[in-house]
1. Go through the stretch C:63-69 residue by residue and turn each phi into a ³J(HN,Hα) via Karplus (6.51, -1.76, 1.60, θ = phi - 60°); whole Hz please, and just put x for glycine and proline.
2. Please list, in chain and number order, the residues 5+ apart from B:I73 or on another chain whose amide H is under 5 Å from its amide H, with Hs placed from the backbone.
3. Among A:L50, A:L23, A:L237, determine the one that fluctuates most according to a GNM of chain A built with springs between C-alpha atoms less than 10 Å apart.
4. For the stretch A:17-59 and the stretch A:189-222, write down the distance between their C-alpha centroids in whole Å.
5. In what order do B:S62, A:S151, B:S140, B:S17 fall by count of nearby beta-carbon atoms within 10 Å, going from fewest to most?
6. State the answer as a single residue: which of A:A133, B:G34, A:L258 lies farthest towards the positive end of the charge dipole of the protein assembly as shown, with beta carbon charges of +1 for Lys and Arg and -1 for Asp and Glu, about the Cα centre.
7. For B:E301, list long-range residues whose amide hydrogen, built 1.01 Å from N in the peptide plane, is under 5 Å from its own amide hydrogen.
8. Among B:N232, B:H176, B:A11, which residue has its Cα furthest toward the positive end of the charge dipole of chain B, with +1 on Lys/Arg Cβ and -1 on Asp/Glu Cβ?
Amino acid sequence: MSWLGRSATETQIPHRSRLWLYLITGLVLAFLVLPTLVVIPMSFSASQYLEFPPREWSFRWYESYFQSDKWMQATATSLKAASLTALLATPLGTMAAYGLFQSRLRFTSLAMPLLLTPIITPVVLVGIGVFYAYVRLKLVNTLVGIVLAHSMLALPLVVLVVTSALKSYDMNQETAARSLGASRLRAFLLVTLPQIRFAIMTAAVLSFLTSFDEVVIALFVSGGDNSTLTRNMFNALRDQIDPTIAAISTVMILVSSLLLALSQILGRERR
Amino acid sequence: MVRAASLPIYAHQIAKSYGRVRALDQVDLAVRSGEFLTLLGPSGSGKTTLLMVLAGFIRPDSGSLRFGETEMIRVAPHKRDVGMVFQNYALFPHMNVASNVGFPLRLRRVSKADIAARVEQALETVQLAGYGARGIEQLSGGQRQRVALARAIVFEPRILLMDEPLSALDKQLREHMQIELRRLHDKLGMTTVYVTHDQREALTMSDRVAVISQGRVLQLDAPRRLYEHPANRFVAEFIGESAFLPVERTGDSFFHDGHRLKIRDCPVVDGNCLLMLRPERLQLLGATAPDHLNILRGTVEQVVYQGDSFQLQARLADGSAVALRGVSTQDAMATLPRPGAPVMFGLAPEDTVLLADERRK
Amino acid sequence: MSALNADELRRDAFRERLALFGLTLPALVLVTITMILPIAWLFSLSLLADDGSISLENYRRLVEQPSYGRIFATTFEISAAATAICVLLGYPLAYLLSQLSPRVANLLMIGVLLPFWTSILVRTYAWLVLLQRHGLVNTWGIELGLWDEPLPLVYNPGGTLLGMVHIMLPFLILPLYGSMRAIDRNYLKAAANLGAGPIRAFWQVFFPLSLPGLLAGSTIVFILCLGFYITPAMLGGGKVIMVANRVANDVELFFNWGAASALGVVLLVATMIVLAVASRLTPLGRIFGGHGP
């Protein structure tokens, strides 16, 4: 094992004296990744009870998911809400990020924290507040209500991602485009937008996930025909450990992994 | 060949403040049609601010700006029809060379065939014919510079603005591009306003130079006039090297250290003056002092060899430090006095330039 | 007489600012109607007594009833513990990753990003599968003869803490890793050159430089923990009641909006105070800077 003696850093610390660091890192990564993956084999188990590894394999829990009207409706609601959230939060957040980035005004220092407050405000508070407001606005149990609240949650992520892209973008290019005869809008559309499009796509993906994974607000303001998937899962979990949840969870892990892979590929292309 | 008409620029009482800082302090500037005018000043002097006002990217607090007869001060930048070259070129990395250069033409809805022809023409003008399909990343610094220039002139603007366009290039390429830019200007004939902090660049390229400091134009003159007769000490120090000696005034006579100075032009200023000494205008004298020269006596402190030239630093009897620059021929180097030796300088009357001494007014 | 064109130029400048402000407006409106106003509404509710008169009764109850005090204590204890464990686990990982080549580090980073992108609900459910009475860990433990009776691994503070650390760890690692990457390696070389051994170089050079990122990461973790709802609700088994759970219970079970609102307002104020203190020590931008991929 000669590599143990080789130096791991520029200051000539050998790998040997860093083994403990590798061990901790490996354990922490395992702690982060492995527990979640346990639901995947569970979802293919034939048994009602938890067995690992399952003694018999089957697709019954996937059948019970895909053949249930209730679950399918909830999935449809979640997908609709997530897509609409991405479609609403991404342009709104991009516009706001651009406006704040370009204006250098006194109000910027107020508007930015205001737009970021959804990150730090306890979600449960937003949940009951929004519920209280929606009762009066007749938005409880509506798709519109879910989309508005989820867009508000996703907005700060879009603003942060787009702002950081604008920071690493050379705004002189937009100035140059304007000197060459483009209005502000066309300069943005023709020159800036194509260059920050990966950040905007990432922001859209994040918005989608924010909505798709959101539980607390959905618990308060979604229901009936417009129950979200997460709301139904949460309620099902309170009652018993239904292995159908494992099947749904596996599907959700798959969706997250695909979106993550997509964002990584987008990120690589950017470089 | 791109060939454009040109327009004069009249900026009148342009003022711009950032908080309590006056970036532009009631600036007046007239640029003649077809002229190559340079805004020269240290960083923070307001020269770039003034250029951005001309381009429309900085909105002044007040003032008037005319291109020819047309008032432009409230016109949006994209409607000013001004070509501009940026310090970092600001080429669009997501477009190839031809798309970059064709960009202003596409905005003006020029037909596709015409765009192709005019882009190629512009690239030819900057000696990059055939580079259209290249990506921006594939170009060297100097080539990017040329593309930026082609893009700024392809739509035949009557005014061309350049913001330190050569500052990112290394010294040799910069000097080469200075001459090429000037040649291009002479060929195209558009009114050009050029910003730089490099005084040599300004003197090399310009018809006239405006020296700017603290938001004000201190002097606007042809390079030679600027160098020979700076309006004040700041301009003299900023352009070229110089030492200053105090001069006492009695009527129309001027004295340094008790000796009357022989001068050609009487300065128009009142009160006490400063004598400006350019190192290359001082003459190193032998034992005899010719009558037609002003004579300065001192002691050699140091001799610095600088390759093509040498610099001899000396201290005069009244304590002032002066420097002399000479061509470093073998003869000259062999006969230079040693540190500690007495030395005598001569200064011709036409090189004896007196400036107002603001501090002793 | 005013300066040349001054009025017109001032008007143009104002119009341009207005246009840029207009771009921000829709986002501000959305946040205002879905968050600012509802929370303001809650705040006004918290000032109404049961009979509808304006009073501080709801707040007095928070102070007087010991159960509320316990809830706040629990919330702060669990949040502090979760933050501390996240730091202990996350710092070595971020440190090692920041020293690896970006290619390897990015690959390993997927291990941090994947949970970050996976639904909290799914991840908490996975812990239930593992830890419950007839869960996998107990089954294995008994099969291997490590213990005889199923251990109470979940539906208690310990299980809740474990779940919260699992959810929160990426929130600590991402900003911390970002700030560690930004540390100039030449500092470490300089320290070594000046005679500092690896341990001294770490504690006297690297660690202080990584503090702003560590502080940013811990602040966001602590704040998110304070308001955490799902994991305590699912893994606490009704025995771990944090402020957020009590707020929800007050509304869902007792329809006591006044109490819920007062509790929520206090939680929000506590969050703001933590944030304000942290922003004194590190620029706020850092706290949010490490967000997202």
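Quick note: the coordinates plus some simple rules give every number you see, no bench work behind them. Being a predicted model, the structure only gives us computed values, none of them experimental. A quick note on method: Cβ atoms are made from the backbone with ideal geometry, for glycine too, and the neighbour counts reach across all protein chains shown.
1. So the Karplus estimates, Gly and Pro as x, are 6, 7, 6, x, 4, 5, x Hz.
2. B:L65
3. A:L23
4. The distance from the Cα centre of the stretch A:17-59 to that of the stretch A:189-222 comes to 30 Å.
5. Details: B:S62 22, A:S151 28, B:S140 10, B:S17 14.
Final ranking by Cβ density, sparse to dense: B:S140, B:S17, B:S62, A:S151.
6. The one lying farthest along the dipole's positive direction is B:G34.
7. Residues meeting the amide H criterion: B:Q313, B:A314, B:R315, B:G340.
8. B:A11
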